[in-house]
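S.K.: Input: one structure, supplied below.
Each value in this text was obtained by applying a stated rule to the coordinates, not by laboratory testing. Worth saying up front: this structure is predicted, and the values here are computed from it rather than measured. Reconstructed Cβ throughout: ideal geometry from the backbone, glycine too, with neighbour counts over all protein chains shown.
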Amino acid sequence: MAAIFTHIGPQALNRRLQRHLRAGSSDLAPGKLQLPADYYLDPEQWQREREYLFQRLPLLAGFSVELPAPGDYKALQLMDTSVLLIRGDDQRVRAFINSCQHRGGRLKDEGRGHCHKLVCPYHAWRYNRSGELISILDQEKFGELERRQHNLAPLACAEDAGLIFVSLGETVVLEEFLGGMLAELRELGLERWQLWDRRELSTGNWKLAHDGYLDGYHLASLHPHSVGSVVHNNVLLFDHWGPHQRMSFAQKELDRDRAPELPDAGTIIIRTVFPNVSISVARDWGGMISVLWPGASADQSRTEQYFLYAPATENEEYSEQVRAEIALYHNAVRAEDYSMVDKVQQNLAVGSPASVTFGRNELGNQRWHAWLKYYCEQSGEAPSIPTITAQ
Ligand code: FES
């Protein structure tokens with residue numbers, strides 16, 4: 001059986017889940033939340049999300065293991081901006097707009113690679129790994145130029161816990177933004193893992209897709225043959241640090257009264273980093289990290305799936321197990337979750353239902369939407385975040 005079913009969690013989470021199992025309860029919100037269907041369809045709302053979330057907040061742009069050595073780079077699209085990440089000779093990862101400061105040539109095509117210098121393919125201006133312009137082809141014919149004024153345009157960038165965040169807006173202070181979630185992420189040890197695979201999926205509105213990553217209510221019905229067969233449906237813990245959340249699911253092997261034989265067994269944990277990242281990985285094993293992006297219009301989105309696990313060894317059985325788990329994850333999201341999202345999107349577009357309802361048990365969704373509203377309305381008032389009422 002693939003190791004997706006042996007995710008581990010701390011004993012304290014097990015004890016909390018066991019209390020729920022004995023009481024037949026779960027963490028619950030005080031009430032329900034209704035959102036108009038138009039919230040998933042309206043181009044103006046979609047534009048606000050692009051502007052207030054994706055143009056301002058730190059966004060997950062890559063993983064430390066993608067750029068292990070000085071000169072390693074990754075070019076990617078972050079919303080409308082082509083971004084170039086590169087690790088410098090000082091080991092620091094920097095982010096730049098992927099645009100030569102001569103006449104806007106694209107320095108690197110999307111993807112990863114290694115370079116000694118960054119050489120623009122248009123007229124061969126050269127930049128070092130810190131983004132400084134170091135030479136101009138035929139400068140005597142080009143004319144005098146203040147080179148420092150033509151260094152690459154930097155973007156706010158921070159690396160921690162094996163993750164690389166970039167902001168298209170202001171400076172990234174990850175400790176402030178992630179709060180207690182940063183310690184959770186550091187504990188995973190992602191910087192020691194290997195990127196085994198990266199896949200892409202598309203579906204409807206990005207919020208509709210994201211709702212599925214926060215909802216433990218659907219596991220038994222939509223995923224009866226995978227994760228739904230190994231967890232207690234609808235028995236969850238919801239913890240949060242600001243807008244970032246941790247959901248803990250009780251595995252069926254978790255006995256109501258007895259501590260698991262392996263002290264950490266019994267819990268599957270999914271963490272979300274606001275606004276668009278879901279981390280479904282187990283400490284000392286690995287898993288899937290999903291990054292969701294708005295698409296070209298309100299009814300489209302794109303998801304990047306990154307699969308990180310412990311590095312391959314000569315043990316072919318281990319590699320086969322990892323490959324099987326990757327296929328299982330990818331197919332479950334594609335054929336079950338996103339297939340449903342496509343149908344929901346169609347139904348909402350014809351006004352049925354006119355609003356969607358999140359129950360008390362869909363606490364993670366309620367919190368996420370409260371934070372999304374907070375950021376998009378820019379009212380400056382602290383969001384009204386549902387708290388847990390049942391322990
Ligand atoms: Fe890059 Fe001219 S645009 S060298």
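S.K.: Which angle from 0 to 90°, rounded to the nearest 10, does the C-alpha axis of helix 339-349 make with the longest principal axis of the chain?
M.R.: 90
S.K.: Can you run the Rg to Rh ratio on region 53-195? Use alpha carbon positions and the Kirkwood inverse-distance Rh. Walk me through the numbers on the way to the answer.
M.R.: Details: Rg = 16.0 Å, Rh = 15.9 Å.
Result for region 53-195 is an Rg/Rh of 1.01.
S.K.: Could I have the simple spin-label model distance between Ser339 and Glu110, label points 7 Å from Cα toward Cβ, reported in nm to one decimal?
M.R.: Placing both labels 7 Å beyond Cα along the Cβ direction yields 2.6 nm.
S.K.: If you line up the long axis of helix 316-331 against the longest principal axis of the chain, both from Cα atoms, how many degrees apart are they, to the nearest 10?
M.R.: 80
S.K.: What full-extension length gain, to one decimal in nm, is calculated for Ala370 and Tyr122 as 0.36 nm per residue of separation minus the Cα-Cα distance? Walk me through the numbers before you get to the answer.
M.R.: Numbers: separation 248, 0.36 × 248 = 89.28 nm, distance 4.67 nm.
Stretched fully, the Ala370-Tyr122 segment lengthens by 84.6 nm.
S.K.: Springs between alpha-carbon pairs under 10 angstrom, Gaussian network model over the chain: which of Cys115, Cys376, Cys100 fluctuates most?
M.R.: Cys115
S.K.: Let me have the relative contact order for the chain, percent, based on Cα pairs under 8 Å that are six or more residues apart.
M.R.: On the way: 785 pairs, mean separation 99.5, N = 391.
Answer for the chain is 25 percent.
S.K.: Related question: Please return the longest range in the chain lying between exposed loop sites, taking GluC sites (Glu not before Pro), DSSP loop only, at most 11 other beta-carbon atoms within 10 Å, and leaving the sites out.
M.R.: Working: sites that count: Glu144, Glu146, Glu170, Glu261, Glu314, Glu381.
Answer - 1-143.
S.K.: Per 0.36 nm of contour for each residue apart, how much would the distance between Gln55 and Arg92 grow if the chain were fully extended, relative to their Cα-Cα spacing? Numbers along the way, then the final one.
M.R.: Working: separation 37, 0.36 × 37 = 13.32 nm, distance 2.32 nm.
Full-extension gain reported as 11.0 nm.
S.K.: Please report, in debye to the nearest 20, how large the charge dipole of the chain is about its Cα centre when each Lys and Arg carries +1 at its beta carbon and each Asp and Glu carries -1 there. Let's see the in-between values first.
M.R.: Details: 40 positive and 50 negative charges, 49 e Å.
The dipole of the chain has a size of about 240 debye.
S.K.: Compactness ratio of the chain: Cα Rg over 2.2 N^0.38 Å, N = residue count? Write down the numbers at each step before the final one.
M.R.: On the way: Rg = 22.5 Å, N = 391, 2.2 N^0.38 = 21.3 Å.
The value comes to 1.06.
S.K.: Using alpha-carbon positions, what is the distance between the centroids of region 140-183 and region 198-232, in Å?
M.R.: Centre-to-centre distance over Cα atoms comes out at 33 Å.
S.K.: Just list whichever of Lys32/Lys252; Lys32/Lys207; Lys74/Lys343; Lys108/Lys207 have alpha carbons separated by over 23 Å in the model shown. List each step's numbers first, then the result.
M.R.: Values: Lys32/Lys252 27 Å; Lys32/Lys207 18 Å; Lys74/Lys343 35 Å; Lys108/Lys207 31 Å.
Lys32/Lys252; Lys74/Lys343; Lys108/Lys207, as the Cα separations exceed 23 Å there.
S.K.: Run the lone-cysteine check on the chain: no other Cys C-beta under 4.7 Å from the residue's C-beta.
M.R.: Cys115, Cys157, Cys376, each lacking another Cys Cβ under 4.7 Å.
S.K.: Label point 7 Å out from Ala69 along Cα-to-Cβ: which residues of region 118-154 have amide N under 20 Å?
M.R.: Inside the label zone: 118-119, 128-131.
S.K.: Can I ask one more? Quickly work out the Glu320-to-Gln47 label distance, labels modelled 7 Å from Cα along the C-beta direction, and quote it in nm with one decimal.
M.R.: That separation, rounded to one decimal, is 5.5 nm.
S.K.: Also: Need the list of aspartates and glutamates near Lys141 for cross-linking: C-alpha distance under 17 angstrom, and skip anything on the same chain fewer than eight residues off.
M.R.: Result set, ordered by chain and number: empty.
S.K.: Would you calculate the convex hull of the Cα atoms in region 114-188 and tell me its volume per residue in Å³? All intermediate terms of the calculation are to be shown ahead of the outcome.
M.R.: Details: hull volume 8.7 nm³, N = 75.
It comes to 115 Å³ per residue, whole-number rounded.
S.K.: Specify the longest stretch of the chain that does not include any exposed loop site, a site being one of the trypsin sites (Lys or Arg not before Pro) with a non-H, G, I, E, B DSSP assignment and at most 11 other Cβ atoms within 10 Å. Could the numbers behind the result be given before it?
M.R.: Numbers: sites that count: Arg103, Lys117, Arg258.
In short, 118-257.
S.K.: Related question: Quick check: net charge around Ala209, other residues with Cβ under 15 Å of its Cβ, Lys/Arg +1 and Asp/Glu -1?
M.R.: Computed value for this residue: -4.
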